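Undergrad: One structure, as structure tokens, below. Some questions next.
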Amino acid sequence: MSAVTAGAMGRPPPPPPMTVGYVGWLRKNLFSSWANSLVTIVLAVVLGWALVSLIGWVIVTADWEVITSRVQLYLVGLYPKDGIWRPQVAVLLISALLGISWRTWGGTARGFAVGLGAVAVIVGVIPHGLDILNRILVLAIPAAIGLGYLLAPSLVAGRSRRMVGAALIVVFVALLLIRGIEGVPGLEPVNTRTIGGLLLNLLLALFGIGASMPIGIGLALGRQSNLPVVKFACIAFIEIIRGVPLITLLFMSRHILPLTFPENIKIDTLYLTAITIMLFSSAYMAENVRGGMAAVAPGQTEAARALGLRGWQTTMLITLPQGLRNIIPAIVGQFISLFKDTSLVFIIGMLDLVEMGRVTIQSNLEFIDNGREVYLFIALVFWIFCFSMSYVSRRIERALGVGQR
Amino acid sequence: MAETSQTNGSTGMPEDNAAILELPLEQRDDIIVCEGVHKWFGDFCAVRDVSMRVKRGEVVVIFGPSGSGKSTFIRMINRLEEHQQGRIVVDGIEMTNDVRNLDAIRREVGMVFQQFNLFPHMTALNNIMLAPQRVRHMPRDEAQQTALQLLERVGIPEQANKYPAELSGGQQQRVAIARALAMQPEIMLFDEPTSALDPEMIKEVLDVMRELAASGMTMLCVTHEMGFAREVADRMAFFDEGALVELGPPSQIFNDPQEERTQLFLDQIL
């Protein structure tokens, strides 16, 4: 009692007991009334039972041979066996890049590097069907991360600009490795139709994401242009692309567009598909960007104009940076849905991860009952990538939140 | 005409200013001339037939009920709003749609807004440095030095590297004033600079404005801070329904208003 009276001047009174900490949280959220307590207990029992059953199935009943015996198919499709080292080296390069950015940026990159390394170690040592060569390869990932971490000071010296440069170089080299280079022995270009599995999903998503930012921003700015031709062209592009389902666009790019090409020109299906996804994603990005910029307070533009900044300066320095920051969650949401949408390329006969799973089950009698294992595995792979993106998004938002109102 | 004033603005102005400020107000030149200015929003006539001359170094406080066109009027002085009839000349530059004129005028005229309108993604220092670097092409070091001096002048040098969201309203408004001053304007426009502030922060902003007025800056202030007006204003302008109803020194406005509407409004707010 004396604490409460003294609170007026001295130390403020403590909160009532049982309202703070774990106990307080539990009482408030799970046991606030007898009805809620009942719901909590029933749900806990049901969920607990489901979880125990699932784990039991995963460990005891499930037959994971359908995955472990053909990991390569799921990861890279029909990529030629004698060139398989190329995507493997690409993965190690990117792991090393992760190590470098861990040393340079810490925070999010560290979380990722540690997470990936841990997963790799677990996959590398758990007693299951992987052969010894693949195990060594998986265990090389944490080694590459460590190597990148050690070499980071001499390579990028803690400078963000060099870090970005290093990232671009590594991604470019990785892509070159996977595609191959004309006339270099051992690096002959692969037939792009052999690229499949997760690699195909990742490549299409990478191109879609990489292109949609610049093109989408360009379209959004073009849509607000004072030049009627530019403005109309941008609006027409955005509305036409957004008005048509991705599947239809993929179909048209595969079957109808080539009819309009001259006989002697043949564009690779993979490239056509990538371009289609890039354009599709850009149209959506354009509308996101426009929305983000429209949400910037009009006073910002007025202040910029009053200071004598020109129109394009106002856009590039004031409205665009703020607009993009407004829409980080929307952008990442779009990237996530784009990544998942890449599995739609099955419609034009490409063997992405999901399609590869379907084909595996249906074309192998011994696996005809292993659909659950396959789809659980595919779901887990997609979830890991999508969750990673949303994790990065949240970290970026928090990091940029410093100056937010 | 535009050219002479531009050279003035960039080179000889400070000394000229000092000489001019020695003169009594009546003998100084007109820095702002408005003749028969009209502005419509759609069919609504926001400003009607306003004529006003402002001397170099003069402080004019503009007041009146909300919706009386006072904000619209000062926003026309740096062309955030276009006037549709009449004539506005700022420091010898006629207000037209000519882009070069517009650039010259924006350089002459600084503006402070009710909602501060600081750029939230930049630190206080970068807010101030932006326009000198991008518009006046001032080297980075010089811009930074100027910005730090200005922060000193408005009394918050220690807040240089904070983002607007980390500052109090009064501090934000002082940064906004410093940002406008960084372009070395001849004229400062204040659009209700203290209306969005908590009472204890109004004084710190008014103090900066007082100092600015004492330094000889030409100021047009839309404000209802009547104490500030009585103390600092050379003349006061009462707007109602888009028209300039009465214009005169504070002594006249407060003690002997010539118009009944001025008297009625003052009775309401005092």
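The values are calculated or read from the model by the stated rules, or taken from the named source; none is laboratory data. Not measured: the values here are computed from a predicted model. Positions of Cβ are generated from backbone atoms using ideal geometry, with glycine treated the same way; all protein chains shown enter the neighbour counts. Ligands, DNA and RNA are stripped out before the accessible areas are found, and what is left, the full protein with its side chains, is counted by its heavy atoms. Shrake-Rupley method; radii C 1.70, N 1.55, O 1.52, S 1.80 Å.
Undergrad: Is it the case that the stretch B:58-65 has a residue that's open to solvent by less than 10 Å² (accessible area, probe 1.4 Å), at the interface with chain A (Cβ under 8 Å from one of its Cβ atoms), part of a loop (DSSP other than H, G, I, E, B) and touching a strand residue (DSSP E or B) at 6+ places or on another chain (Cβ under 7 Å)?
TA: For the stretch B:58-65, residues open to solvent by less than 10 Å² (accessible area, probe 1.4 Å), at the interface with chain A (Cβ under 8 Å from one of its Cβ atoms), part of a loop (DSSP other than H, G, I, E, B) and touching a strand residue (DSSP E or B) at 6+ places or on another chain (Cβ under 7 Å): absent.
Undergrad: Need the failing condition index for A:TYR79 against (1) assigned to a helix (DSSP H, G or I); (2) closer than 26 Å to A:THR360 by Cα; (3) open to solvent by less than 70 Å² (accessible area, probe 1.4 Å), just the number.
TA: Going through the list (1) assigned to a helix (DSSP H, G or I); (2) closer than 26 Å to A:THR360 by Cα; (3) open to solvent by less than 70 Å² (accessible area, probe 1.4 Å), A:TYR79 breaks only (1).
Undergrad: Name every residue in the stretch A:217-269 that is in a loop (DSSP other than H, G, I, E, B) and closer than 30 Å to A:GLY311 by Cα, in order of residue number. If you could, list the steps in order and put the result at the bottom.
TA: Keep residues of the stretch A:217-269 that are in a loop (DSSP other than H, G, I, E, B), which gives A:224-227, A:243-245, A:261-268.
Matches in the stretch A:217-269: A:GLN224, A:SER225, A:ASN226, A:LEU227.
Undergrad: Is there any pair linking a residue in the stretch B:103-124 that is small (Gly, Ala, Ser) to one that is open to solvent by less than 10 Å² (accessible area, probe 1.4 Å) and not in a loop (DSSP other than H, G, I, E, B), with Cβ under 6 Å and at least six apart or on different chains, and which?
TA: Pairs that qualify, where the first residue is small (Gly, Ala, Ser) and the partner is open to solvent by less than 10 Å² (accessible area, probe 1.4 Å) and not in a loop (DSSP other than H, G, I, E, B), are B:ALA104/B:ILE93; B:GLY110/B:ALA180; B:GLY110/B:MET188; B:ALA124/B:VAL175.
Undergrad: Filter the stretch B:165-177 down to the residues that are open to solvent by less than 10 Å² (accessible area, probe 1.4 Å) and within 12 Å of chain A (Cβ to nearest Cβ) and list them by number.
TA: B:VAL175, B:ALA176
Undergrad: Have a look at A:ALA294, A:ALA286, A:ALA304 and point out the one that is free of Cβ contacts under 8 Å to residues at least 40 places away in the same chain and away from chain B (no Cβ under 14 Å).
TA: Numbers: A:ALA286 fails: free of Cβ contacts under 8 Å to residues at least 40 places away in the same chain; A:ALA304 fails: away from chain B (no Cβ under 14 Å).
Testing whether each residue is free of Cβ contacts under 8 Å to residues at least 40 places away in the same chain and away from chain B (no Cβ under 14 Å) leaves just A:ALA294.
Undergrad: Kindly indicate which of B:ILE77, B:ILE32 is in contact with a Leu (Cβ under 7 Å, 6 or more places away or on another chain) and open to solvent by less than 20 Å² (accessible area, probe 1.4 Å). Spell out the reasoning first.
TA: Numbers: B:ILE32 fails: in contact with a Leu (Cβ under 7 Å, 6 or more places away or on another chain).
Answer to the selection: B:ILE77.
Undergrad: Restricting attention to the stretch A:35-76, which residues are aromatic (Phe, Trp, Tyr), assigned to a helix (DSSP H, G or I) and surrounded by 13 or more Cβ atoms within 10 Å (Cβ to Cβ)? Can you show your working first?
TA: So the first thing to find is which residues in the stretch A:35-76 are aromatic (Phe, Trp, Tyr), and the list is A:49, A:57, A:64, A:74.
If we keep only those that are assigned to a helix (DSSP H, G or I) too, we end up with A:49, A:57, A:74.
The answer is A:TRP57, A:TYR74.
Undergrad: Say whether the condition of being farther than 27 Å from B:PRO24 by Cβ and of a type outside the set (Asp, Glu) is met by at least one residue in the stretch B:246-262. Let's see the steps before the verdict.
TA: Applying the first criterion (farther than 27 Å from B:PRO24 by Cβ) to the stretch B:246-262 yields B:260-261.
Now restrict to residues that are of a type outside the set (Asp, Glu): B:261.
Looking for residues that are farther than 27 Å from B:PRO24 by Cβ and of a type outside the set (Asp, Glu), one finds at least one in the stretch B:246-262, hence yes.
Undergrad: Determine which single condition B:SER68 fails, assuming it passes every other condition in (1) open to solvent by 30 Å² or more (accessible area, probe 1.4 Å); (2) assigned to a loop (DSSP other than H, G, I, E, B); (3) among the hydroxyl-bearing types (Ser, Thr, Tyr).
TA: With (1) open to solvent by 30 Å² or more (accessible area, probe 1.4 Å); (2) assigned to a loop (DSSP other than H, G, I, E, B); (3) among the hydroxyl-bearing types (Ser, Thr, Tyr) applied to B:SER68, the lone miss is (1).
Undergrad: Can you tell which of A:LEU270, A:LEU221 is surrounded by 12 or more Cβ atoms within 10 Å (Cβ to Cβ), farther than 30 Å from B:ALA131 by Cβ and more than 14 Å from chain B (Cβ to nearest Cβ)?
TA: Numbers: A:LEU221 fails: farther than 30 Å from B:ALA131 by Cβ.
It is A:LEU270.
Undergrad: Identify the single condition in (1) open to solvent by less than 50 Å² (accessible area, probe 1.4 Å); (2) more than 14 Å from chain A (Cβ to nearest Cβ); (3) at pLDDT below 95 that B:GLU186 does not satisfy, given that it satisfies every other one.
TA: (2)
Undergrad: Kindly state which helices (runs of 4 or more DSSP H) lie completely within the stretch A:328-405 and contain at least 1 residues that are open to solvent by 20 Å² or more (accessible area, probe 1.4 Å), under 19 Å from A:ASN288 (Cβ atoms) and more than 14 Å from chain B (Cβ to nearest Cβ). Can you show your working first?
TA: On the way: elements: A:328-341, A:353-363, A:371-400.
In the stretch A:328-405, the matching helices (runs of 4 or more DSSP H) lie at A:328-341, A:371-400.
Undergrad: Let me ask something additional. What residue, among those in the stretch B:95-125 that are among the acidic types (Asp, Glu) and more than 9 Å from chain A (Cβ to nearest Cβ), is surrounded by the most Cβ atoms within 10 Å (Cβ to Cβ)? If you could, list the steps in order and put the result at the bottom.
TA: Our first condition is that a residue be among the acidic types (Asp, Glu); within the stretch B:95-125, this holds for B:98, B:103, B:108.
Filter once more, keeping what is more than 9 Å from chain A (Cβ to nearest Cβ): B:98, B:108.
Details: B:ASP98: 12, B:GLU108: 27.
Filtering the stretch B:95-125 for residues that are among the acidic types (Asp, Glu) and more than 9 Å from chain A (Cβ to nearest Cβ), the one surrounded by the most Cβ atoms within 10 Å (Cβ to Cβ) comes out as B:GLU108.
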